[in-house]
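Written below as structure tokens is the structure these notes are about.
The values are calculated or read from the model by the stated rules, or taken from the named source; none is laboratory data. Source: prediction; values computed, not measured. Ideal geometry is used to build each Cβ from the backbone, glycine not excepted, and the neighbour counts take in all protein chains shown.
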Amino acid sequence: MTIARQWMVWTASVVAMVGLLPARRAAADVTADVAADVAAGQSARSDSGSSSRESRRRAIESLPLDRIAEPQRKAIEPCLKAATLYRRLPVETIVCDAELLDFALAKPEAIVDIWRVLGISRLSLDPVGPRQWKLSDGYGTVGVLRLVHQERQGRGGLLVFHGRGAYTGPLSPKNLTGSCVLLVRHGPGMPAVDGRERQLVQIDTFLDMDGVGLEIVTRTLQPLIVRSAASNLHEICLFMATLSDSARTNPEGVAQLAGRLPQTVAADRQLLATIARRAGQPAGGGLPQVGRLDAADIAAANRLQTELAARWLTADELDRIQRQ
């Protein structure tokens, strides 16, 4: 199943996606809180997370509603209070450069642009205003996603997204419309054995379906959503880990890929290239240097697309890329 299809099953059979960390606690408590969830969440992986009242209560209490602007707060409160489906996904631990993860969360359209260039997704996520995107997954889901609140907490943070959209397709006998609220929490984890950075990511999702959609989701689609949600997040995190590793070992390749992103603005392409080059610098190596590429750099850059896409394309599709 491609990333696009997984994203559709998770977000679209029900609408939009993305969000990150409880904001009412001191920065020093953030990493400890997420780390505790990781320890408790090892068993949660087997059941793909939690829909318990306690998890839902904790998620709502972690929201800094007093610091969210009134129009945005009024938009998300109905979904929080009357959600058709709530799910806390298991904590994901990924080996990923912190600066790259911050970029992906702030500029999700650039990551989606990479997927399109690699040929692994039909998804489009196009900016239509500040912190607002128009979404289409190519399989029947359309909508608008807004980042309604963002906070930094030490080296972690909290993002709150509100989505509104519709799904038309084979997963439902009738058109579905609804809204969602996503809390994305992130913070640093213990470094890997080789010293590479680890990041902890957890998402709480609230889905509020309109009319007939409520019955379709609760009676038919809920088991599918619950089973697939954790594995979908895992696949997306795997891609970020793969991209981060490529930036560390092949920074010029990632920089060149950034330069070929057709739907990403020039400033963001340049920022991604700089992050990649910085990730590829030895510790204490100073600012990344941009110079003439040698034959080895060019060969590595040419291999990057195949390496990044390998997990999500068939053998025939990979062979076609290699022949291009």
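One residue stands out among those in the stretch 121-145 that are charged (D, E, K, R) and in contact (Cβ under 8 Å) with a residue 24 or more places away in the chain: the one that is surrounded by the most Cβ atoms within 10 Å (Cβ to Cβ), which is Asp137.
When the residues of the stretch 168-215 are filtered to those that are assigned to a strand (DSSP E or B) and surrounded by fewer than 21 Cβ atoms within 10 Å (Cβ to Cβ), the one that is modelled with the lowest pLDDT is Thr177.
In the set (1) over 16 Å from Arg152 (Cα atoms); (2) modelled with pLDDT of 50 or more; (3) in contact with a Leu (Cβ under 7 Å, 6 or more places away or on another chain), Ser13 fails one condition alone, (2).
Name the pairs: first residue in the stretch 109-120 and at positive phi, second residue at pLDDT below 90 and among the small types (Gly, Ala, Ser), Cβ to Cβ under 8 Å, at least 6 apart or on different chains? Note: pairs meeting the criteria are Gly119/Ala309. Scan the stretch 157-167 for residues that are more than 17 Å from the chain's Cα centre (by Cα) and either of a type in the set (Gly, Ala, Ser) or surrounded by fewer than 23 Cβ atoms within 10 Å (Cβ to Cβ) (or both) and the total you get is 3. Exactly one residue out of Glu109, Glu99, Glu61 is in contact with a Phe, Trp or Tyr (Cβ under 9 Å, 6 or more places away or on another chain) and either at pLDDT below 95 or closer than 16 Å to Thr242 by Cα (or both), and it is Glu109.
When Gly154 is tested against (1) over 30 Å from Ala310 (Cα atoms); (2) more than 17 Å from the chain's Cα centre (by Cα); (3) buried (at least 22 other Cβ atoms within 10 Å of the Cβ); (4) not aliphatic (A, V, I, L, M), only condition (3) is not met.
Starting from residues that are of a type in the set (Gly, Ala, Ser) and in contact with a strand residue (DSSP E or B) (Cβ under 8 Å, 6 or more places away or on another chain), keep the ones in the stretch 65-105 and report whichever is nearest to Gly154 (Cα to Cα). Full working, then the answer.
Restricting attention to the stretch 65-105, the residues satisfying the condition of being of a type in the set (Gly, Ala, Ser) are 69, 75, 82-83, 98, 104.
Still in the list and also in contact with a strand residue (DSSP E or B) (Cβ under 8 Å, 6 or more places away or on another chain): 69, 75, 82-83, 98.
Working: Ala69: 22, Ala75: 28, Ala82: 32, Ala83: 31, Ala98: 12 Å.
Restricting to residues being of a type in the set (Gly, Ala, Ser) and in contact with a strand residue (DSSP E or B) (Cβ under 8 Å, 6 or more places away or on another chain), the top hit is Ala98.
Residue check: Ala83 meets all listed conditions (1) in a loop (DSSP other than H, G, I, E, B); (2) under 25 Å from Gly280 (Cα atoms); (3) hydrophobic (A, V, I, L, M, F, W, C) but one, namely (2).
The rows are residues; the columns are (1) modelled with pLDDT of 95 or more; (2) more than 19 Å from the chain's Cα centre (by Cα).
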{"site": "Phe239", "(1), (2)": "no, no"}
{"site": "Arg248", "(1), (2)": "no, yes"}
{"site": "Pro251", "(1), (2)": "no, yes"}
{"site": "Arg260", "(1), (2)": "no, yes"}
{"site": "Ala273", "(1), (2)": "yes, yes"}
{"site": "Ala283", "(1), (2)": "no, yes"}
{"site": "Gly286", "(1), (2)": "no, yes"}
{"site": "Gln289", "(1), (2)": "no, yes"}
{"site": "Ala295", "(1), (2)": "no, yes"}
